[in-house]
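Structure first, commentary second.
A short reminder: the numbers here are calculations on the coordinates, not readings from a lab. Only a predicted model underlies this, so the values are computations on that prediction, with no experimental measurement involved. Every residue, glycine among them, receives a Cβ derived from its backbone with ideal geometry; neighbour counts consider all protein chains shown.
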Amino acid sequence: MRALRSDLRLAWELTRGSDRGEWWRVALTATGAALATGFALAAVALATLRGSYRVPVAAGLLDEPGTRSGVIVGLLLLLVPVLGFLGQCARIGAAHRDRRLAGLRLAGATPWQVRRIAGLETGLACLLGSAVATVFSVLLLLRLWDRPTALAWAGIALVAVAVPVLGAAAGALALRRVVASPLGWVRRVGPRTGRGPGLLFLAGVLLVAVLALLTVATTSTAAPDRPTGELPLQLMGVVLAVGAGAVWLSGATAKATGRILAARARSAATLIAAERLRDDPWAAARTHAAVLLVTVVGTGFAGIRQVLSDVVHTERNLAESASYYTTGLDLTGAAIVVAFAITLSGLAVGTAESLAARRRGLAAQVAAGVPRTVLGRALLLETALPLAPAVLLAGLGGMAIGTWYATLSGRPVPWVTSLVPVAVYAACLLAAATSLPLLRRSVRPGELRYA
Amino acid sequence: MIAMSTRHVLLGLLATGPSHGYDLKRRHDERFPQARPLAYGQVYTTLQRLVRDGLAEVEGTDSDGGPERTMYRSTDQGADELSRWAGEIAPPAPFVTNEIFAKVVVAILAGGDPAAYLNAQRAAHMERMRELTAVKAAQGADLATVLSADYALNHLDADLRWMSTTAARLTTLTAEVDAA
Amino acid sequence: MTRPVPVLTATGLTKAHGRTPALRGASIELGTGEILAVTGASGSGKSTLLHCLAGIVRPDEGSVTYDGRRLEDLPEKRLSELRRTEFGVVFQFGQLIPELTALDNVALPLLLAGTDRARARARAGEWLERFGVHGQQDLRPGEMSGGQAQRAALARALVTGPKVVFADEPTGALDSLAGEQVMTALVHTARESGTAVLLITHDAQVAAYADREVQLRDGVVTALGVTA
């Protein structure tokens, strides 16, 4: 216990004494943790409901078990981009932090102590976010629900504790190599992100998927004559398969584009971008993974939405009012937009971090007369090149879902949805472009002065 | 700097084979290019002392078309003495005696201007270092030249560092005296 | 002593980092083809002086004239072009892009100048050979020894045939033998091509490669051997 307390104090001192980048990491990690807690709490609160209720929000969508389970799955799916965002946040100042923790190792800390300290650093940030989100969620819940059941309270407590604990565990696990070879990391010059954090992300996604399937299986008491219990499962499967394929594709295309373009590049910007991709193709795979999942879901949903609203507006013999269905569709759409916004934030954070980590080298390039525009173009190309084929495939996957659904309902194929991947791609480039002002500001000759 | 033992250097040159006095002088100046050149008279007296001590002996005479010259060669005793000397550790700076050091101390004692002296000396040192560097960096410089230039450069550099530190100390000292 | 015609002249440079003054009225003259060493204690403003002279930062006051042009009158875009084409810079480390091979790093300035890739790479290869970087052209800077990487950096600084090379502690991260090789390569090439070199160093043995030396003390340039 005393050991834990001294580690806690050390973690606190390290965070307190660190620079601005570290505080950004803490703030963004806390934000991500708060989002995760919020979504998870809503899902848990809904999951504790059994049978029919009158819930005064969302046009009666939360009243019935079937649609309720759909909402829960949606909330859980929102955790995927949040995880991607948290992964990007973990990268902020990663090289610096790794060196610092390796320094602790060299100063005589045991591997476990270093792990605990790193875990606590991340865990504290997550605890902050989770605490804030829990307080606000509980306040909101008490306004909507007079007497939440004991089960609901238990679930809320579980989520509030689980988020920081999982965050701490992820923080400790991501340190594998620092702990193994402190010297190597102290000497390392440039940051080279490995696939470890990417695997953590995938593990997180799988966890969410399993939870979502469990939710569908336990809360949705679908009647045998209605296919609602089957359909979400199949959709889930398609989404996961396409998503996983897209992650792999993102890394693989980054590698391939890097290799091909590096040999053929005619301009300096392309050459720099290509060689960076070839050097570390998995660096961006985490954010790109989330982008691709959102693209699949978004394109697929756009197709389904078009078909469904067509159905709602033409069929006369519907069980519920048209607003019941459109609210459901709008809610899902809103969830996807939120997911996309979180993903874009992750992308922007990742680009900014990659710039910040390289600022001294970039300052040297500017000093040697490499125009900032060339460096900026290289930065954008680094996002644009590997994302293009991956988004294309993800878009095709999403279109396949829409087309499949349209043929199932005997409606025309929703071609308009092909615009979704284009819009996603453009938005990603814009998100990456938000770091360009940072390039101008952070690449200063002051960075050239060494102590 | 520790004085080089001419005796042992000549013994070392003789270790490669019999040689006469003029040849020894020429080879010495070649091997130690930045050293003070040996006087022929010094070579001659040193060789005679080596013979007297049984470290070298007269091999014979050789005219080679010109004037007659005495050839010398190293004895076994000479070879033993040479290897003993070569393995012997040179005492690391047993006495601190240096002209620059002495001048600065005297300047302080006599109320002179040691800082001005140090500055001028530094310029002279740098000038010599530039000369030596040019010799060393010239294309086709042989190993002996590079080694001797390196040796001299490192010693001049050591002098310079001492002079910089001393100049800084003098500044602090002056500031303290002025403040008092 | 006759001095060559100045290629770069600076007068009355002042520059402060925040409230800390780095330069307080420094003036300096670099002759055409001259190798000039600037020495001084750490924190004496050496790097800041180099940054001002190379047009990397703008001085608070004072003027830098290169080839008849006043650098403070040029917009950033022209300055950047000047640094790319007429100046070369070598730092202690970090001027090579870590992800590019040695060959591509050296070819980069040519590529930026519009030379096509194949020609740029061929020229870069010749320069690497000239600096004794044999058989390591396809290595990245991190895979090379410090001395080899620094020689590649020299090749990159000189590949465009600049008029002035600015070298800030170019041997600072090297052992004495590697440093000697880098300095010999720099001096030989500069003399051959008539390139002027402004060499910043705190090491007297490195400064001895220069034709002349000035000292920077408290942000002011003083000639060597003259009492401040």
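The ellipsoid equivalent to the alpha-carbon distribution of the range B:42-111 has semi-axes of 43, 20, 9 angstrom, derived from the gyration tensor eigenvalues as √(5λ) and listed largest first. Put in line by how crowded their Cβ is, counting other Cβ atoms within 10 Å and starting with the fewest, A:Leu41, A:Leu139 read A:Leu139, A:Leu41. Can you tell me how the range B:36-78 classifies by the Cα gyration tensor, rounded, prolate or oblate, using a/c under 1.5 as the rounded cut? The shape class here is oblate.
Given a cut-off of 16 Å, what percent of all Cα-Cα pairs of the range C:107-158 lie beyond it? Kindly include the intermediate steps, with their values, before the conclusion.
Numbers: 478 of 1326 pairs.
Here the long-distance tail beyond 16 Å is 36 percent of all Cα pairs in the range C:107-158.
Across chain C, Cα-Cα pairs more than 32 Å apart make up 17 percent of the total. Spherically averaged projected area of the convex hull of Cα atoms, the range A:372-451: 7.0 nm². Rg/Rh, computed from the Cα trace of chain B with Rh as the Kirkwood radius, has the value 1.13.
Under the combined filter of DSSP loop state and at most 10 neighbouring Cβ atoms within 10 Å, the range C:1-73 retains these trypsin sites (Lys or Arg not before Pro): C:Arg19. For the peptide C:103-115, the mean number of other protein chain Cβ atoms found within 10 angstrom of a residue's Cβ is 3.
At q = 0.12, 0.21, 0.24 Å⁻¹, what log₁₀ I(q)/I(0) does the range B:99-179 have when each alpha carbon counts as one equal point scatterer in the Debye sum? Values returned for q = 0.12, 0.21, 0.24 Å⁻¹ are -0.45, -0.92, -1.08.
With a cut-off of 8 Å between alpha carbons and a minimum separation of six or more residues, what is the relative contact order of the range B:6-87 in percent?
Answer for the range B:6-87 is 35 percent.
Sequence gap at least 6, Cα distance under 8 Å: using those rules, report the relative contact order of the range B:99-179 to the nearest whole percent.
Values: 30 pairs, mean separation 21.5, N = 81.
Here the relative contact order equals 27 percent.
Treating the Cα atoms of the range C:154-226 as identical point scatterers in vacuum, please give the log10 of the normalised Debye intensity I(q)/I(0) at q = 0.13, 0.20 Å⁻¹, two decimals. The computed values of log10 I(q)/I(0) come out as -0.40, -0.89. The lysines within cross-link reach of C:Lys15, meaning a Cα-to-Cα straight distance under 23 Å and a gap of 8 or more places when in the same chain, are C:Lys46, C:Lys77.
Treating only the Cβ atoms of Lys and Arg (+1) and Asp and Glu (-1) as charged, compute the dipole magnitude of chain C about its Cα centre; round to the nearest 20 debye. Don't skip to the end; give the middle numbers.
Values: 24 positive and 26 negative charges, 88 e Å.
Dipole of chain C, to the nearest 20 debye: 420 debye.
For the range C:23-102 versus the range A:352-384, the spacing of their alpha-carbon centroids is 20 Å.
Result for chain C in a Gaussian network model with C-alpha springs under 10 Å: among C:Gln205, C:Gln136, C:Gln92, the largest mean-square fluctuation is at C:Gln205. Pick out the long, greasy-scoring helices in chain B: whole DSSP H runs spanning 20 Å or more along their own axis by Cα, mean Kyte-Doolittle at least 0.0. For chain B, where a helix must reach 20 Å along its axis and average at least 0.0, the hits are B:143-179. Got a sec? Charge dipole of the range C:123-228, +1 on Cβ for Lys and Arg, -1 for Asp and Glu; which of C:Ser176, C:Leu186, C:His202 is way out at the positive end? Ranked along the dipole, the leading option is C:Leu186.
What shape does the range B:82-141 have by the C-alpha gyration tensor, where a ≥ b ≥ c are the square roots of the eigenvalues, rounded means a/c under 1.5, and otherwise prolate means a/b greater than b/c and oblate the rest?
Values: a/c = 6.45, a/b = 1.26, b/c = 5.11.
The shape class here is oblate.
Treating each Cα of the range A:326-403 as an identical point scatterer and ignoring solvent, apply the Debye formula and state log10 I(q)/I(0) at q = 0.16, 0.17, 0.18, 0.24 Å⁻¹. So the normalised log intensities work out to -0.80, -0.85, -0.90, -1.18. Inter-label distance, A:Phe136 to A:Leu329: 3.0 nm, where each label sits 7 Å from its Cα along the C-beta direction. Of all DSSP-defined beta bridges confined to chain C, some 55% are antiparallel rather than parallel. What the Cα convex hull of the range B:1-88 gives, in volume per residue, is 103 Å³.
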